[in-house]
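I have placed the structure first, in the form of structure tokens, so that the comments after it can refer back to it.
The values are calculated or read from the model by the stated rules, or taken from the named source; none is laboratory data. Predicted, not measured: the structure shown is a model, and the values here were computed from it. Cβ coordinates were reconstructed from backbone atoms using ideal geometry, including for glycine residues, and neighbour counts include every protein chain displayed.
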Amino acid sequence: MSNRDKMQILHDGDTNLPTKQHYGKKGANFEWTPSSLYRLLELYDEAVKMNNYRIKDPTSFAKQFMVEKFNEEFGLDINYKFFKEKLDTLKKKYKKYRELLTSTGILVDPITSEIDASDSWWKDREVSTHFLY
């Protein structure tokens, strides 16, 4: 493939969603967007639901379903391992997030994303910032 062909592929459609020719097997060039992450989680839920939520990982048929649907919708050619790596990363981030919330006593409003902490927590932070300056 010539450089000119590669540039044409890059400029066709949404550059955040590479085409099959530009993509590659490992997904190194794929940039996750909020909509693609949301769709991944929807497909994962559908896949686990196929087994009535009895096991936490999808069956091989459900994995194939996920991959085919995602590839079809986003014009890609990837395998389940790519999804598994992303799902594992999301799980790790969520665990860290939950640990941070429980260890600090802070809550985050799921709708507004505002930090909700007790008055004493805020007062402690205000005092410590005064000593820094």
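Residues being among the polar types (S, T, N, Q) and closer than 24 Å to Tyr44 by Cβ: count how many of those fall in the range 75-124. Spell out how you get there, then give the answer.
Of the residues in the range 75-124, the ones among the polar types (S, T, N, Q) are 79, 89, 102-104, 112-113, 118, 120.
Remaining after also requiring closer than 24 Å to Tyr44 by Cβ: 79, 89, 113.
Final tally of qualifying residues: 3.
Among Lys25, Lys81, Lys95, which is the only one that is farther than 29 Å from Pro110 by Cα, modelled with pLDDT of 90 or more and exposed (fewer than 14 other Cβ atoms within 10 Å of the Cβ)? So that I can check it myself, show each step before the final result.
Values: Lys25 fails: modelled with pLDDT of 90 or more; Lys95 fails: farther than 29 Å from Pro110 by Cα.
Residue meeting the stated conditions: Lys81.
Quick one: in the range 45-69, which of the residues that are of a type in the set (Lys, Arg) and part of a loop (DSSP other than H, G, I, E, B) is nearest to the chain's Cα centre (by Cα)? Can you show your working first?
Here is the first cut: in the range 45-69, the residues of a type in the set (Lys, Arg) are 49, 54, 56, 63, 69.
Next cut, part of a loop (DSSP other than H, G, I, E, B) only: 54, 56.
On the way: Arg54: 23, Lys56: 18 Å.
Among them, the one singled out is Lys56.
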